[in-house]
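Working notes, beginning with the structure itself.
The values are calculated or read from the model by the stated rules, or taken from the named source; none is laboratory data. A quick note: this is a predicted structure, and the numbers were derived from the prediction, not measured. As a convention, Cβ positions derive from the backbone with ideal geometry for all residues, glycine included, and neighbour counts pool all protein chains shown. The accessibility values were calculated without ligands, DNA or RNA, using every heavy atom of the protein model including side chains. Shrake-Rupley method; radii C 1.70, N 1.55, O 1.52, S 1.80 Å.
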Amino acid sequence: MATARSVKVGTVIIGGGWPVSVQTMWKEPLESFDDAVVERVRHLGELGCDILRFAVPDMKAAETLGGLAGFSPLPLVADIHFDWQLALRCMDFPIAKIRINPGNIGARWKVEEVVAKARDKGVPIRIGVNAGSLPNDLRDRRDRAAAIVEAAEREVAVFEELGFAEVIVSMKASDVQTTLEVNRLFSSRHDYPLHLGVTEAGPLIAGVARNTAALVPLLQEGIGDTIRVSLSSAMEDEVIAAREILACAGRAKAGISIVSCPRCGRASFDTHAFTARWSDRLYSLKASATIAVMGCVVNGPGEARHADLGITGAGDKVVIFRKGQISRTVDPEDADTVFGEELAKLE
Ligand code: SF4
């Protein structure tokens, strides 16, 4: 069951059966930008980020983001609360989407101005309802999931009254069960594209666990068109976590799969350090391939043989496998160089 409606966000289509896209959010105030910022945006794209969102708390941030949008290889989203003028200003630039809720803009004429400009510029809008900031009359309702969905439906209704359909909806909570319930309930009633995520999900390990527990079932049920894994960690971690969640759900685009051993007292090769050194490069590969990084001869050769490229410790040597065959046997200090050479053949 894919969302029937689709919405175009720059070069990415959300919904309509298109691949589930990956998002993250810039974690610092964007006071200015330089080549390093553009390069980091590009690198996020290499890792698999499709859409990048920025908080826009004031007019300076709106103009800085607008400037960056002209150089960005990724579609950029402006995340705005309360001030409709910020939304209007962002749409003077090639911003691909804005996130704003009609309910916190204020007067109806302000919402109408935002919608008129969004329609004119072809900019879609994401409604983002969070469990932590529900309207006063819904805040204490016993059925929290129903309250969140009702809050989202109120926001959607405003856009529907104005005949504006380029809408994506997110309903986020910090716990797994509520995330499951709100998205199942909303998707049973509406066909707007859904942005999924567990918000304020915690530090890296807790956040990945919670997002995986919530997003995998939803994605397997065909619910969800774009995801953001919110972590108290780097943007790059959010992107890689999102890719792995899509892979767990069987919804991944082509890409790399890393198999690596946890290491034990038999290890003759430091798989942790090796995997950490190569992770960034591996996740940037465009090829679909399985890479095995193994510590010893107990399970190493078996896993490495089944991978497109494998490396395993073997006594005082390191063995490289390619497509099931031993390719090279080298000293550990040469492992990175030789692995890099073999990896280049996959690209
Ligand atoms: S592959 Fe070898 S080192 Fe790694 S966990 Fe298995 S037995 Fe231990």
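Observations
- Restricting segment 280-293 to residues that are small (G, A, S) and more than 18 Å from A267 (Cβ to Cβ), the residue that is surrounded by the most Cβ atoms within 10 Å (Cβ to Cβ): A289
- Exactly one residue out of L52, L74, L65, L86 is among the hydrophobic types (A, V, I, L, M, F, W, C) and more than 22 Å from the chain's Cα centre (by Cα): that is L86.
- Restricting segment 111-136 to residues that are in a helix (DSSP H, G or I) and small (G, A, S), the residue that is surrounded by the fewest Cβ atoms within 10 Å (Cβ to Cβ) is G132.
- Residue in segment 229-246 that is more than 28 Å from V41 (Cβ to Cβ) and surrounded by fewer than 16 Cβ atoms within 10 Å (Cβ to Cβ) present: no
- M59 being touching a Lys or Arg at 6+ places or on another chain (Cβ under 9 Å), open to solvent by less than 50 Å² (accessible area, probe 1.4 Å) and in contact (Cβ under 8 Å) with a residue 24 or more places away in the chain: no
- Any hit, segment 86-99, residues being open to solvent by less than 10 Å² (accessible area, probe 1.4 Å), at pLDDT below 95 and assigned by TED's automatic domain parsing to the domain that holds L194: no
- Conditions (1) surrounded by 14 or more Cβ atoms within 10 Å (Cβ to Cβ); (2) closer than 19 Å to A254 by Cα; (3) out of contact with any Ser or Thr (no Cβ under 6 Å at 6 or more places or on another chain); number of the one not met by T11: (1)
- Residue in segment 260-272 that is out of contact with any Ser or Thr (no Cβ under 9 Å at 6 or more places or on another chain), farther than 30 Å from A201 by Cβ, within 16 Å of the ligand (Cβ to nearest atom) and assigned to a helix (DSSP H, G or I) present: no
Here's the yes/no breakdown for (1) more than 23 Å from S284 (Cβ to Cβ); (2) in a loop (DSSP other than H, G, I, E, B); (3) small (G, A, S):
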| site | (1), (2), (3) |
| --- | --- |
| F33 | no, yes, no |
| E39 | no, no, no |
| H43 | no, no, no |
| E46 | no, no, no |
| C49 | no, yes, no |
| R53 | no, no, no |
| L65 | yes, no, no |
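- Pair list, Cβ under 9 Å, 6 or more apart: segment 28-51 residue open to solvent by 70 Å² or more (accessible area, probe 1.4 Å), other residue of a type in the set (S, T, Y) and in a helix (DSSP H, G or I): E31/T64; S32/T64
- Residue pairs meeting the criteria (Cβ under 9 Å; at least 6 apart or on separate chains; first in the same structural domain as F274 (by TED's automatic domain parsing) and near the ligand (Cβ under 9 Å from one of its atoms), in segment 287-302; second of a type in the set (A, V, I, L, M, F, W, C) and open to solvent by 50 Å² or more (accessible area, probe 1.4 Å)): G295/C264; C296/C264; V298/C264
- Selection within segment 137-162 - open to solvent by 10 Å² or more (accessible area, probe 1.4 Å), under 15 Å from S187 (Cα atoms) and in contact with an Asp or Glu (Cβ under 9 Å, 6 or more places away or on another chain): A146
- Those residues of segment 294-342 which are open to solvent by less than 10 Å² (accessible area, probe 1.4 Å) and at pLDDT below 90, in sequence order: G300, A304
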